[in-house]
Structure formats: C-alpha cells, structure tokens
1. Pop a pseudo-label 7 angstrom from the Cα along the beta-carbon direction at both residue 63 and residue 143 and give the gap in nm to one decimal.
2. Could you sort 153-161, 46-54, 176-184 so that the peptide with the highest average Cβ count within 10 Å comes first and the rest follow in order?
3. For the stretch 1-120, go through all pairs of different Cα atoms, get the mean of 1/r, take its inverse, and jot down that Kirkwood value in Å.
4. What ranking of 90, 150, 225 comes out by heavy-atom accessible area, probe 1.4 Å, highest first?
5. Do the sum for the chain: with -39,500 (n - 2.57) for every DSSP H run of n ≥ 4, divided by all residues, what is the mean residue ellipticity at 222 nm, to the nearest 500 deg cm²/dmol?
6. Search the structure for amide H atoms under 5 Å from the amide H of residue 29, placed 1.01 Å from N in the peptide plane, and list their residues when 5 or more places away or on another chain.
7. About its Cα centre, what dipole magnitude does the stretch 8-246 give when the only charges are +1 on Lys and Arg Cβ and -1 on Asp and Glu Cβ, stated in debye to the nearest 20?
8. Can you figure out the FRET efficiency of residue 174 with residue 245, using R₀ = 25 Å and their beta-carbon distance, to the nearest 0.05?
Amino acid sequence: MVIFSVCLEDISFFTELVYSTTRVFSFRVTAEEIPEIESSASQLMDYTERLASARRAAPRDDFLSTYLVAADQAGEMSPLEILIQFLFVIVAGSDTTRGALAVQTAQLLQHREQWEAVCRVSRLVPGAVAEALRFEPSLASVSRFVLEDIELDGYVLNAGHFMTLSTMAAMRDEKVFEAPDTFDIFRTDRQRWHLVFGGGAHRCLGEALAKTELEEGLAALTARIPPRRAAGNPGTRLGTSRWRHARALVDR
Ligand code: HEM
C-alpha cells in the first residue's frame with residue numbers, strides 16, 4: 001500500500017502551511033502572528049477536505065482511501081473529526097521528519113569523525129539517527145491533562161491542569177545519559193523506547209515510518225556523497241516549547 005500518493009507539487013504547498021501553522025505551539029508566538037497562523041491552518045483544512053473528497057470519489061491503494069473507508073464504516077467520529085485526524089497526520093508527519101534529516105546530517109558533519117564512521121560502517125546508521133533525535137529533537141515536549149492530583153518532588157500537579165512535559169530536558173538527564181551534552185552516536189545508554197516519540201497511548205503514530213525515513217535517508221547520503229561538508233550556519237533547531245523549527249543547512 002502506498003502511504004501518501006499526493007502530487008509532488010502538493011508537498012511544498014503543505015510543507016509551508018505546516019511550518020506556519022505549527023508556530024502556534026511556540027511559547028513565543030505573538031498576537032500579530034495569529035491571523036497568518038489561522039489562515040495557514042484554514043488552508044490546510046481546505047486542502048485536507050479536497051483530498052478526502054477526491055479519495056471518496058475515486059479511492060486509491062493508499063492510506064487515506066483505506067482510512068476514510070474504515071472511519072466511515074466505524075461511525076465513531078463526526079465528519080469533522082475524521083478530517084482533523086487526517087490533517088494531524090499531515091501536520092505531525094512532515095516538518096518533524098524533514099527537519100530531523102537536515103539536523104542529523106548537520107550534527108554528524110560537525111562531528112566529522114562520527115560522519116566518517118557512519119560512511120564506513122552502515123550498521124552505525126540507527127544509532128546515529130537515535131542520537132541526533134536525542135541531541136536535537138524535532139519536538140521538545142508532550143502535553144497532558146492531569147486527571148487527578150499527583151504529588152511529585154514536593155509539588156502537587158492539580159487535577160484539571162494542562163501540562164507541558166519537557167522531553168527535551170529529559171533527554172539531557174545526567175542520571176540517565178552519561179555526558180548528556182555530548183553528541184555521541186556510540187553511546188550505550190540509549191533508551192529502548194526513545195522519548196522523542198512520547199509515551200503511552202498517544203505515543204507517536206508515525207514512529208516506525210519516521211525512523212525508516214531517517215535511517216534510509218542517512219544511509220543514502222553517506223553512501224552517495226561521503227565527502228560532503230556543511231557550509232554556512234550549522235543547521236540547528238530552534239525553540240524549547242513544542243515544535244522545533246530547523247535552520248537551513250547549506251552544503252558544498
Ligand atoms: C522525527 C519524526 C517524529 C517525531 C520526533 C515525532 C514525535 C511525536 C510526539 C512527541 C508525539 C506526541 C506523543 C505523546 O503525546 O506521547 C507524536 C504524536 C503523533 N505523531 Fe509523531 N513524530 C514524528 C514523525 C511522525 C510521522 C512521520 C507521522 C505520520 C506520518 C507522525 C504522526 C503522529 C500522530 C498522528 C501523532 C498523534 C498520536 C496520538 O495523539 O495518538 N509523527 N509524534
């Protein structure tokens with residue numbers, strides 16, 4: 001089954017809208033930015049509606065067609081909820097992985113000996129991807145509602161409150177990771193369940209796809225263009241709240 005069968009020109013269209021819409025998750029979002037963010041979100045919604053209508057009229061062997069049939073038959077969601085769920089797959093599945101590929105490349109190129117090690121030994125690829133996601137994660141936090149009062153380290157998290165939990169900080173916890181501020185693809189204290197994908201019932205739906213894309217991407221880059229060097233700024237991520245945007249990576 002094809003996961004997405006969108007036209008190539010769609011990708012740059014919705015990538016820009018996703019980039020703009022996800023600014024709403026930043027602690028630093030300003031009132032002036034809200035109209036533009038709302039406009040991007042509503043264009044994304046229109047796009048999703050058009051795509052869903054097209055697949056209902058002419059189903060294909062792809063994820064969206066299968067999802068729509070299953071959701072319609074189950075009858076558990078309203079038409080709007082069916083669209084929002086799919087819209088979220090587009091939002092959650094584009095900039096997170098796209099930026100991660102740029103940032104993992106940038107991190108490795110800045111640690112040249114580790115880049116060269118991956119070029120020589122392809123089985124180092126999964127460790128390199130995991131370390132880049134720990135060191136410069138695509139998302140900085142997960143959110144939860146507190147269902148009952150919870151005591152934690154002398155504080156009480158009150159029932160009904162909305163919480164943002166910093167997975168970015170947790171992935172630099174010196175009690176868990178040795179030398180947490182060091183980028184090291186050889187580290188042996190990697191976690192079985194990478195925290196960058198959250199946890200529990202709402203753990204990232206696209207984890208396996210994201211890892212595959214990042215691992216295949218890195219394997220292709222290191223196999224095809226091993227002598228690459230980064231030019232200009234080192235391609236880092238910005239932000240510490242939720243969605244972390246990537247600075248452009250320039251190569252030479
Ligand atoms: C490097 C890439 C990615 C990272 C770091 C990432 C991270 C996350 C995180 C932290 C969450 C919240 C988990 C929680 O609340 O416990 C999440 C949720 C989600 N992700 Fe990803 N994600 C990535 C790629 C993708 C891709 C490629 C897709 C789909 C194509 C995707 C679809 C989703 C969806 C649908 C949810 C909501 C799950 C739910 O609420 O039940 N993600 N992701």
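1. Computed distance between label sites residue 63 and residue 143 equals 2.2 nm.
2. On the way: 153-161: 9.3, 46-54: 15.4, 176-184: 13.6.
By packing density, highest mean first, the sequence is 46-54, 176-184, 153-161.
3. On the way: mean 1/r = 0.0602 Å⁻¹.
By the Kirkwood definition, the hydrodynamic radius is 16.6 Å.
4. On the way: 90 10, 150 75, 225 55 Å².
So the residues, ranked largest to smallest area, are 150, 225, 90.
5. On the way: 8 runs with 124 residues, N = 252.
The per-residue figure over the chain is -16000 deg cm²/dmol.
6. It is none; the list stays empty.
7. Values: 25 positive and 33 negative charges, 173 e Å.
Around 820 debye, computed over the stretch 8-246.
8. 0.40
The values are calculated or read from the model by the stated rules, or taken from the named source; none is laboratory data. Please read these numbers as outputs of a predicted model, since none were measured by experiment. No Cβ is skipped: glycine too gets one built from the backbone with ideal geometry, and neighbour counts run over all protein chains shown. To get the accessible areas, we keep the full protein, side chains included, count just its heavy atoms, and leave off ligands, DNA and RNA. Shrake-Rupley method; radii C 1.70, N 1.55, O 1.52, S 1.80 Å.
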